[in-house]
């Protein structure tokens, strides 16, 4: 035996696993397909959460964090200049509730809210009926009702504060022409609430009208055609068909109006030059009371934060009541007139389609016979 062969026989075996042959081509393709299937399933499962995540991240930064931090501030004796003080628990809440001005502000807020939200929704529905008629330049009129919403709230408040001036206001001048004594818009609580509610109605009625109009465009035309065949006039169609089918939109408008009405600040703040809600705080709202506590003479951020949380809880409570009412309305079923009209419209549509299909079939058959 040669030396070379002996050395090769005595050489140690190489360390590590022996090299394996590459996987077959079909197996590699199967692995890639499995990987693509896994990624596709993950994409279908997690992509929706990824798409909506920016909203929740933004809400956590500008909504949830301030809410939690306000609760933290309301538990401390926090001063505007001195900063954080001692932990006082619910003492700020008790102090706020016991103040007479808070009860006055709460009464004024609900009074202005009722005087603005209820007429606002009713006026929006009436304007909707007018805009849905066969008018010339429909687009012009529909866009025109949105103009008051574009005007800045401060400008609206300044204009209406001059219109409702006690001595030289335009409203009192017009009332004097018909023999009515001037109304003290800035002195009487109810009169001031009516004036402020008029500002709110002027600015938001057109906005709500466009929401109603958009919802009305989604109502099937067949329902109105069936109502016409039943002999219903325009007024009967609007009362028995349009309004019941706009019920979800009406509930939405009521909820949003409730939230906005309880947070009203700009209009009562600018109703007079001092911005304090009147000499006796006869039109001071909860948000104005909050501003006075935090940035007024007391400069108590703790009490102001407590007012903010009380208002938040009131809005949540009213929202829950609206939700329960909504659930009861939804579970009670639809309006019988609407259901009958919808059923007739569906039957008429099915009959028309059947007639069209039969006609086309007979034409094809006769053509083939020829």
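The values are calculated or read from the model by the stated rules, or taken from the named source; none is laboratory data. The model shown is predicted, which means the values in this text are computed figures rather than measured ones. Cβ placement follows ideal geometry from the backbone for every residue including glycine, while neighbour counts extend to all protein chains displayed.
Of all residues in segment 247-278, those satisfying the criterion of being assigned to a loop (DSSP other than H, G, I, E, B) and either in contact (Cβ under 8 Å) with a residue 40 or more places away in the chain or under 16 Å from the mean Cα position of the chain (by Cα) (or both) are 263, 264, 270, 271, 272, 277, 278.
Here is a yes/no grid of residues against (1) within 30 Å of residue 303 (Cα to Cα); (2) surrounded by 12 or more Cβ atoms within 10 Å (Cβ to Cβ):
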residue	(1), (2)
89	yes, no
100	yes, no
117	yes, yes
131	no, yes
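Among the residues of segment 118-159, those that are in contact (Cβ under 8 Å) with a residue 60 or more places away in the chain, touching a helix residue (DSSP H, G or I) at 6+ places or on another chain (Cβ under 8 Å) and more than 30 Å from residue 239 (Cβ to Cβ) comprise 153, 154, 156, 157.
Between 294, 319, 302, the distinction of being surrounded by fewer than 15 Cβ atoms within 10 Å (Cβ to Cβ), under 31 Å from the mean Cα position of the chain (by Cα), modelled with pLDDT of 80 or more and in a helix (DSSP H, G or I) belongs to 319 only.
Within segment 102-115, the only residue that satisfies the criterion of being within 28 Å of residue 215 (Cα to Cα) and surrounded by fewer than 18 Cβ atoms within 10 Å (Cβ to Cβ) is 114.
Every condition in (1) at pLDDT 75 or above; (2) farther than 26 Å from residue 97 by Cα; (3) surrounded by 15 or more Cβ atoms within 10 Å (Cβ to Cβ) holds for residue 326 except the one numbered (1).
Of everything listed in (1) under 30 Å from residue 189 (Cβ atoms); (2) at pLDDT below 80; (3) touching a helix residue (DSSP H, G or I) at 6+ places or on another chain (Cβ under 7 Å), the single unmet condition for residue 273 is (3). Evaluate segment 137-148: report whether one residue or more is at negative phi and in a loop (DSSP other than H, G, I, E, B). So far as segment 137-148 goes, yes, one or more of its residues are at negative phi and in a loop (DSSP other than H, G, I, E, B).
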